[in-house]
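Note sheet for the following structure.
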Amino acid sequence: MKTVIDKIISTKMRVIALLFICSLFLNACISKNENSSLNPLEGTWKLISGTSIKGLDTLVTDYTQNQEMIKIINDTHFSFLRHDLNKGLDSNAVFVAGGGRYTLKGNLYTEYLDYFNSREWEGNSFELEFNISGDTLITSGREKVEELNIDYINIEKYIKVISKD
């Protein structure tokens, strides 16, 4: 009789242990989701294309050819990095980096360019409308820097970079 009772207790203990482990796992998942950002812009974005419109002139740039650019956005700041894929060893050598603070109100994203390797751009702000559909981010806005005689509409298309961990 004792072995039957021992088996019942042993089975109950296994079930309780399994339920405890499952509850820990579910709690960890729920906690992670509660801490997730509500900001849809946060993350790393890879620039796919850009369209610049100045007057009647339109220039479309494919950023997947011979160069790469990413934009990283956290809860308070953004940064961007662009470089050629030939490690600066040919006539297409390019390196661009910048960043700063930003604000977000609805679908308006305003960048305050605090840092830029073309220093004359620093101190300017750019208000962009954005739309996210799936893993695609499209921003559009006017880039105007009077001191540099720059004034055009800029439309950029990004895809979300998914972490490989």
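The values are calculated or read from the model by the stated rules, or taken from the named source; none is laboratory data. If you're wondering where the values come from, they're calculated on a predicted model, not measured in any experiment. Reconstructed Cβ throughout: ideal geometry from the backbone, glycine too, with neighbour counts over all protein chains shown.
Annotations
- Taking region 64-90 as the range and being within 26 Å of Thr103 (Cα to Cα) and outside any strand (DSSP E or B) as the test, the residues that pass are Asn74, Asp75, Thr76.
The rows are residues; the columns are (1) among the hydrophobic types (A, V, I, L, M, F, W, C); (2) under 16 Å from Lys71 (Cβ atoms); (3) in the same structural domain as Thr64 (by TED's automatic domain parsing).
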{"residue": "Leu81", "(1), (2), (3)": "yes, yes, yes"}
{"residue": "Asp84", "(1), (2), (3)": "no, no, yes"}
{"residue": "Gly88", "(1), (2), (3)": "no, no, yes"}
{"residue": "Ser91", "(1), (2), (3)": "no, no, yes"}
{"residue": "Gly100", "(1), (2), (3)": "no, yes, yes"}
{"residue": "Leu104", "(1), (2), (3)": "yes, yes, yes"}
{"residue": "Thr110", "(1), (2), (3)": "no, yes, yes"}
{"residue": "Leu113", "(1), (2), (3)": "yes, yes, yes"}
{"residue": "Phe116", "(1), (2), (3)": "yes, yes, yes"}
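- Within region 43-91, considering residues that are β-branched (Val, Ile, Thr) and free of Cβ contacts under 8 Å to residues at least 60 places away in the same chain, the one surrounded by the most Cβ atoms within 10 Å (Cβ to Cβ): Ile73
- Selection within region 108-143: residues that are in contact with a strand residue (DSSP E or B) (Cβ under 7 Å, 6 or more places away or on another chain), under 15 Å from Gly43 (Cα atoms) and of a type outside the set (S, T, N, Q). The member of this set that is surrounded by the fewest Cβ atoms within 10 Å (Cβ to Cβ) is Asp135.
- Residue within region 92-107 that is in contact with a Lys or Arg (Cβ under 9 Å, 6 or more places away or on another chain), of a type in the set (Lys, Arg) and either loosely packed, with under 14 Cβ neighbours inside 10 Å or closer than 26 Å to Leu38 by Cβ (or both) present: no
- For Glu146, the requirement of being free of Cβ contacts under 8 Å to residues at least 60 places away in the same chain, more than 17 Å from the chain's Cα centre (by Cα), exposed (fewer than 13 other Cβ atoms within 10 Å of the Cβ) and within 23 Å of Thr58 (Cα to Cα) is met.
- The residue that is nearest to Tyr109 (Cα to Cα), among those in region 137-165 that are assigned to a strand (DSSP E or B) and among the β-branched types (Val, Ile, Thr), is Thr139.
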